[in-house]
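Everything below concerns the one structure shown next.
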Amino acid sequence: SQRIDHLFEKYAVSDGTKQDHAVLTVDGFLAHYKDLIQSNEEQVRTELSLFGFRPNLSRRERTRSSLGNEPRLMSTREGIALDVFSNRNLLPCVTDLTIQTIHMLNFYHHLSLNHGKDLAGYVMAAIGIGRDNRAVILETLKVVNEKMSEWTLNSQPVSLVIQVFGTFCALPDREYQQDAIACVMSNRDENERNEHGLAIVGNHFRQNSNTFQNEDILRKYIHIVKRLSQQSAIDSWLKNHSNCTEWLKPNSVHQHEQRRGGAGHQDRMDSMFEDSEDNDSRFSDDSVAGGIQVEGCGLSEINGYFRRVGFHDDCPKFCKMTTFRGREEVFSLFRCRLTDNTRRWY
């Protein structure tokens, strides 16, 4: 990645051999994080949390689990939820009045903004353990369904709702966990409060993805559900409820592009877009709503139409699939922020 290339360029040293390979020593690694903590403390804490460190830098007991038959690094949401669950006997008693006061989305939003995602996650898990959390899940679903068109995938609200859904669904309460996952994915909104589950709304937009706006919203729901499905309990639930996953499969949502490029080409492109972590399609700028035409490049294969596939670093990202040196390749145009906070186009 660009970040790794930049890290080696700035902090690596020669290995002293004739090949003069660049190596990152422990001193270089520490120097990188000493610089990073000055400019982006939140990123450092996020990466520490991913590897099992609590906010006070003590270590969580469990950092690995399995997804299907594959061992994997546990998501931070799961790690925090299981950490709280395993230490639940040490938690102070929380009164019903306190629950009614703070167990709501606005409080967790404020906590995450001002004190970081990890602390917010621990509070969510500590308050949610042993309780039916469907009220706050429904509150979050309502906000998601009403505001999704206004959000970008790199935005704090999307990160927050993934954390809220993921944390409450990761709590291994036999009595409540399955109900929480079902509520997130398949709630039917019988009270007509715009509280449909993610799979219900996602399927609606899959069936009605004939406009750029609907297609944009659909990809955001796909992104959120795929992020949540990285958690073992949610992945198992989805596999047992295949009727809730059909809409996640790529199909002909870009009919005008299919007419131009062919169905097989489009299905491959859809799969690539949906798996992209930085997919943040908004199509808000009419001048590049579908893509851009590139001309005058040194390599003729790069010239041509680049389709808009989302956002990277809050700027449109474009891709083109073409044949290069006998192989089918994907060329991308995107802006990237480096660790020194400079921005470059690649």
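Odds and ends about this structure:
- Chain lengthening between Asn240 and Thr46 when straightened (0.36 nm per residue, less Cα-Cα): 66.7 nm
- Rounded to the nearest 0.05, the FRET efficiency derived from the C-beta distance between Glu150 and Asn341 at R0 = 41 Å is 0.95.
- Surface share of carbon and sulfur [accessible, 1.4 angstrom probe, percent] for region 106-234: 44 percent
- Of all lysines in the structure, the ones whose alpha carbon falls short of 16 Å from that of Lys34, not counting any fewer than 8 places away in one chain, are Lys10.
- Computed extension length for Asp27-Asn106: 24.2 nm, one decimal, from 0.36 nm per residue of separation with the Cα-Cα distance subtracted.
- Peptides 239-249, 200-210, 320-330, ordered by how many other C-beta atoms sit within 10 Å of their residues on average, highest first, read 200-210, 239-249, 320-330.
- For the pair region 33-52 / region 90-129, the C-alpha centres are spaced 23 Å from each other.
- Under a 5 Å amide H cut-off, with hydrogens placed 1.01 Å from N, Asp189 pairs with Gly197 among residues at least 5 apart or on other chains.
- Over region 185-247, relative contact order from alpha-carbon pairs under 8 Å, at least 6 apart, %: 29 percent
- With each label modelled as a point 7 angstrom along the Cα→C-beta vector, the Arg325-Thr95 pair spans 7.0 nm.
- Cα gyration tensor shape for region 71-201, rounded if a/c is under 1.5, else prolate or oblate: rounded
- Full-extension gain in nm, His115 to Asn303, via 0.36 nm per residue minus C-alpha separation: 63.0 nm
The values are calculated or read from the model by the stated rules, or taken from the named source; none is laboratory data. The structure displayed is predicted, hence computed values, not measured ones. Quick reminder, even Gly has a Cβ in these numbers, built from the backbone with ideal geometry, and neighbours come from all protein chains shown. Please note that ligands, DNA and RNA were not included when accessible areas were found on the heavy atoms of the full protein model with its side chains. Shrake-Rupley method; radii C 1.70, N 1.55, O 1.52, S 1.80 Å.
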